[in-house]
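Structure first, then comments.
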Amino acid sequence: MQQFQQYIDGAFSDGTSWFDSLDPATGAVWAQMPEAGEDGVNQAVDAAERAFFSPEWAGMTATARGKLLLRLADLIAENAPRLAELETRDTGKIIRETSAQIAYVAEYYRYYAGLADKIEGAHLPVDKPDMEVWLRREPIGVVAAVVPWNSQLFLSAVKIGPALAAGCTVVLKASEEGPAPMLEFARIFDQAGFPKGVLNVITGGPVAGATLTSHPKVVHVAFTGGPETARHIVRNSAENLASTSLELGGKSPFIVFEDADIESAVNAQISGIFAATGQSCVSGSRLVVQASIKDAFLKRLKEKAEAIVIGAPDDMATEVGPLCTERQRQTAQHLIKRSLQQGAKLITGGEALEREGFYFPPTILDCSDARDAECLSNEFFGPVLSVTSFDTEDEAIAIANDTAFGLASGLFTQNLTRAHRMIRAIRAGIVWVNTYRAVSPIAPFGGHGLSGHGREGGLQAALDYTKIKTVWLRTSDDPIPDPFVMR
Ligand code: NAD
């Protein structure tokens, strides 16, 4: 049985105990993972703090930090097939997706490598004579990064990249569901030549997560996961008044007007909901389609959904693989059952597949006559699309915004003025117009409401890992007069 190790202070070690990792394609144990335990978490944070103040890291030029990040990017690109294979094995994410995504993860590190020596301070023309006042941008300190199982290499890159570019140090807690790719990533990171302790990679569940995010030496928690866990994280971080950035779930509307390029919209909707087997925070999980084209659109969607190749995640021909855990599968099944009781109509799918592994088929529920069905408001994090319809533009906006989340949205229309009106009206952190799921290291990513706060990606994300120090320097050689002598 393969055993993985954690990475603390530049060394690989076993945890305080082992836990089993399951292969989602079979449900069988395939590897053992190190549980960090409280001791492991404390060691990792201590190492990150030592590294933060060490001359090797704190004294390194920003340009040199950038070069190390570039080297890391090259190593990720070289090792992408191995990382992809491990992510597929441990989380069930299909190899087609992991291969493409991990190659692109290298670009995120390249982007932040380039930014490292472009994080600038400022000079202020203050209203006092003989004074120089300027702002230094300094790294904030030890960052705790906590990620869920899906796309861990990607979700950690948008935290580690900007944090290291800014000069911070990081303790990353990989998800207890499928941590293998992150623990292997630590081996690749180790070859890049960073000083020890700059990045520490541990794993474990809520206990390790809570210990890390409430640790007094942690100044910022960068979290991706569900809203319920986020509430714990905010409570934990409140102990030390640590700041947080929260990338949480979504129930993103995918709005299609009758004037849209229908075939493009169908294809974008299919990948918008069924890519990553629906385990994606930006899933376009609520189709909001104009009533005049609803039947034709659903017919096409159903045909396409039923033609999707479901299979082993390590097979390049597979288009939808298993869910990561049995729990996810049961959640999907349960929520579908309740929604059907609440009046939703099943268009396709709906029942877990009877085969080994955690497979669930692409599912479509028509809720046009069941606006209160839970499937319209609750996140599945699985391959389930819920459909509603509208007649007018105002109605489309009202349905799109009828959610506690606010992460992504899709809009398909050929009408330019309508597109602009809709962009203004939609309450979400991302609006994709006549496209869906496009991401780039250069473009900020994040939401509001139950989808969290803060942005990952782009220049601002690196600035968010810095704090401002205001410096006042008196330029006059005249002695400062005694303040207590009356003049
Ligand atoms: P989760 O919230 O259960 O777990 C996420 C991480 O938090 C895991 O590493 C877990 O061990 C850790 N954790 C659990 N309890 C903790 C605690 N008390 N203190 C600290 N850490 C704790 O999320 P999940 O179920 O693994 O992932 C699915 C969720 O993630 C979905 O809601 C999804 O939408 C969201 N997600 C969001 C994005 C985004 O960028 N917005 C991306 C991917 C996933």
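Read-outs: derived from the displayed coordinates by stated rules, not from any lab. Everything numeric in this text was worked out from a predicted model, so none of it was measured. Cβ coordinates were reconstructed from backbone atoms using ideal geometry, including for glycine residues, and neighbour counts include every protein chain displayed.
Structure summary
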| read-out | value |
| --- | --- |
| Charged-residue dipole, Cβ positions (Lys, Arg, Asp, Glu), the chain about Cα centre, Debye nearest 20 | 700 |
| Separation of the residue 241 and residue 117 label points, Cα + 7 Å toward Cβ, nm | 3.6 |
| Hydrodynamic radius by Kirkwood, which averages 1/r over all alpha carbon pairs of segment 296-352, in angstrom | 13.1 |
| Between 0 and 90°, nearest 10: helix 262-274 axis offset from the chain longest Cα axis | 70 |
| Relative pair counts by distance (%), Cα atoms of the chain, 20 Å bins | 23, 51, 21, 4, 0 |
| Rg ratio (alpha-carbon, reference 2.2 N^0.38 Å) - segment 237-321 | 1.44 |
| Cut-off 10 Å between beta-carbons: net charge of the residues surrounding residue 429, Lys and Arg +1, Asp and Glu -1 | +1 |
| Centre separation in Å (Cα based) which lies between segment 123-192 and segment 91-111 | 19 |
| Segment 107-193 - Rg (one decimal) and Dmax (whole number), Cα, Å | 17.6, 60 |
| Under 15 Å, Cβ to Cβ, from residue 104 - net charge with Lys/Arg +1 and Asp/Glu -1 | -2 |
| Angle in degrees between helix 227-238 and the longest Cα principal axis of the chain, rounded to the nearest 10 | 10 |
| Binned Cα-Cα distances of segment 383-487, short to long, each 10 Å bin given as a whole percent | 11, 30, 23, 10, 7, 8, 7, 3 |
| For segment 253-433, the Rg and Dmax computed from alpha carbons only, in angstrom | 15.6, 50 |
| D (Stokes-Einstein, µm²/s), Kirkwood Cα radius, segment 354-432, 1.002 mPa s at 20 °C | 149 |
| Principal-axis tilt of helix 95-115 within the chain, Cα atoms, nearest 10 degrees | 30 |
| Residues of type aspartates and glutamates that residue 159 reaches as a straight line, Cα spacing below 15 Å, ignoring anything fewer than 8 places off in the same chain | 107, 247, 456, 464 |
| Cα centre as origin, Lys/Arg/Asp/Glu Cβ charges: segment 2-248 dipole, Debye | 460 |
| Segment 417-487: chymotrypsin sites (Phe, Trp or Tyr not before Pro) in DSSP coil with no more than 13 other Cβ atoms inside 10 Å | 484 |
| Segment 2-248 - Debye-derived log10 I(q)/I(0), Cα point model, q = 0.10, 0.12 Å⁻¹ | -0.46, -0.65 |
| Neighbour count of at most 13 Cβ within 10 Å plus DSSP loop: longest GluC sites (Glu not before Pro)-free window in the chain | 357-487 |
| Residue 262/residue 337 FRET efficiency (R0 30 Å; Cβ-Cβ; nearest 0.05) | 0.45 |
| 10 Å-binned pair-distance histogram of segment 1-135 (Cα, whole percent) | 11, 22, 31, 21, 8, 5, 2, 0 |
| Given charges at beta-carbon only (K, R positive; D, E negative), |dipole| of segment 173-269 in Debye | 780 |
